[in-house]
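> Attaching a single structure in structure tokens format; questions to follow.
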Amino acid sequence: MNSRRNFLFKLAVSASAPVALGGRLLAQDAPPPVKLEETDPVAMALGYKMDTTKVDAVKYPQHTAEQKCSVCALVTPGSPAGEFVPCSAFQNKLVASNGWCMAFAKKPEPPKP
């Protein structure tokens, strides 16, 4: 009886090991984030510009100088601040912190204590 338990235990452990190790290997092989180019079809559709000061005011009258990716709610939460940040509107591709697109949505103000 004891040997049957040992056999089943070893079978369960050996069967789950490739799954556990495979998850780690896949996480390590994840490609690095890609910078979004202004020529990307989705970027063009949303009027993405890497520099908010170069947005065409006639074509995008809703744009204001204060709107930029670094203060947008679509930037992936918890991402480190830097020159480029991941954006959920572009499948977490890296957008310029000083960039802009039509999907801009200002981050909500934190609640005051």
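> Using Cβ contacts closer than 10 Å as the measure, can you line up Thr53, Thr64 from fewest to most?
The order, fewest Cβ neighbours first, is Thr53, Thr64.
> Would you order Val85, Val34, Val58 from fewest to most other beta-carbon atoms within 10 Å of each residue's own beta-carbon? Walk me through the numbers on the way to the answer.
Numbers: Val85 21, Val34 13, Val58 5.
With the sparsest Cβ surroundings first, the list reads Val58, Val34, Val85.
> Give me Lys35, Lys112, Lys93 ranked fewest to most by other Cβ atoms within 10 Å of their Cβ, as a rough exposure proxy. Walk me through the numbers on the way to the answer.
Numbers: Lys35 13, Lys112 4, Lys93 19.
Lowest to highest Cβ neighbour count: Lys112, Lys35, Lys93.
> Under 27 Å from the Cα of Lys107, which lysines turn up, not counting those fewer than eight places away in the same chain?
Lys35, Lys49, Lys54, Lys59, Lys68, Lys93
Any read-out appearing in this document is the output of simple, stated calculations on the displayed coordinates, not a laboratory observation. The structure displayed is predicted, hence computed values, not measured ones. Here Cβ is always computed from backbone atoms with ideal geometry, including for glycine, and neighbour counts include all displayed protein chains.
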